[in-house]
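Presented below is the structure to which this report refers.
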Amino acid sequence: MSEKRLKGIAALVGIVLLVVITGGAFLGSKASADDLQTTAERALASAGLDGVRVTFDGREATLSGGSADELGRAQRIVEDIHGVRWADVDDAATLDRPDTTPTLELRHTGAGITISGTVPDADAAAGIKARVAEDFAVPVTGDLTIDPAVGGAPWIAQLPDVFGDIVGVKKLGLTIDGSGTLELSGSIESRAGADDVRRLVARAAPDLTIDERLEIRPGSLSAADARVLNAATVYFASGSASLRARSKGVLDLVADALSRNPGISIQAGAHAGPRDPAAGELLAMARVAAVKAYLVRAGISPARVSTRTFASDSRTLNPWTKQFRRVDFVVNGA
């Protein structure tokens, strides 16, 4: 056989071997990608990340869908799978994904309440709308959008419970826009009333930062009487519900302001510390009852003085501090 023919056969054999090797590598790569795809999908499903999609090109994965937090968790899970070189997040898919944070907006106008926002299910929407209609007792317009892709939040269940406590805010505006902030606006008759509203809303929405923009407008109260009621605070000795002489002087000023303004009423609120919630509640009730009784003896109608107690949920605060031994006042109407 000629040398030329031998060289031709050798070249042909080389080409055949190259095709076989390349094809084997391709098939091996395809089999590896399929195996990794199955393994990754199972791992994500086990972690509760079914909404995250994973695709493979060889041993490199691309992730899409889900929230930013879910994609971050999925990326760590997939990259820990043996045989995966790396996992990238599809930035374009992330940018195109709709907002998944619940929102709410309430606006109290002269005509009633307008409501809008997005919540995850029909029960959440019905609960919010029912409490708005019941507690504000005015016509409600607008509606809430239901989007199953929207995540949950503690305020969805808890915030409606305080609607009845904030009805006294005139021109109320309450906005949760998904940025982690709850904006509260409107006007109220006293600083104590504003502090009361802020405290209640903050407790009902612990996952949000409260941006309180309430204006203090005493209505028909004179500036002097408004200062008296806004500043009036009665302090008690630790463990006692007995009025001190200094406290009686403060209550005399409150009674005089109420006598000059027969069209207004007040709420007296007692604050109890966190050391023993049950005992603290009883002591707070006794203190606020003593305050109301003094005002009634001073000639103020009992119907004009409502009472309330506040207990701290925090176990880290000093239970003996003055803030837990006080009664202050909210002007309800003017």
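The values are calculated or read from the model by the stated rules, or taken from the named source; none is laboratory data. What you are looking at is a predicted structure, and each value in this text was computed from that prediction instead of being measured. Positions of Cβ are backbone-derived with ideal geometry, glycine not excepted, and every protein chain shown enters the neighbour counts.
General observations
- Near pairs, Cβ below 7 angstrom, 6+ apart or cross-chain, from the range 128-147 (on the phi > 0 side of the Ramachandran plot) to any residue that is surrounded by 13 or more Cβ atoms within 10 Å (Cβ to Cβ): G142/T114; G142/I115; G142/S116
Every residue, every condition in (1) within 20 Å of V330 (Cβ to Cβ); (2) in contact with an Asp or Glu (Cβ under 6 Å, 6 or more places away or on another chain), yes or no:
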| site | (1), (2) |
| --- | --- |
| D143 | no, no |
| L172 | yes, no |
| T181 | no, yes |
| S185 | yes, no |
| R191 | yes, no |
| R199 | yes, no |
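- Residue tally, condition touching a strand residue (DSSP E or B) at 6+ places or on another chain (Cβ under 9 Å), over 30 Å from E70 (Cα atoms) and modelled with pLDDT under 85, over the range 96-151: 5
- Any hit, the range 37-48, residues being surrounded by 15 or more Cβ atoms within 10 Å (Cβ to Cβ) and either under 29 Å from G168 (Cα atoms) or hydroxyl-bearing (S, T, Y) (or both): yes
- Among the residues of the range 139-177, the ones that are closer than 14 Å to P206 by Cα and in contact with a Ser or Thr (Cβ under 9 Å, 6 or more places away or on another chain) come to 2 in all.
- Residue match in the range 311-318 (condition: in contact with a strand residue (DSSP E or B) (Cβ under 8 Å, 6 or more places away or on another chain), modelled with pLDDT under 90 and not assigned by TED's automatic domain parsing to the domain that holds A205): yes
- Residue match in the range 10-32 (condition: basic (K, R) and modelled with pLDDT under 85): yes
- Some residue of the range 175-187 being within 20 Å of T307 (Cα to Cα) and either within 32 Å of the chain's Cα centre (by Cα) or among the aliphatic types (A, V, I, L, M) (or both): no
- Test: V52 is farther than 16 Å from D88 by Cβ and either out of contact with any Cys (no Cβ under 8 Å at 6 or more places or on another chain) or at pLDDT below 50 (or both): no
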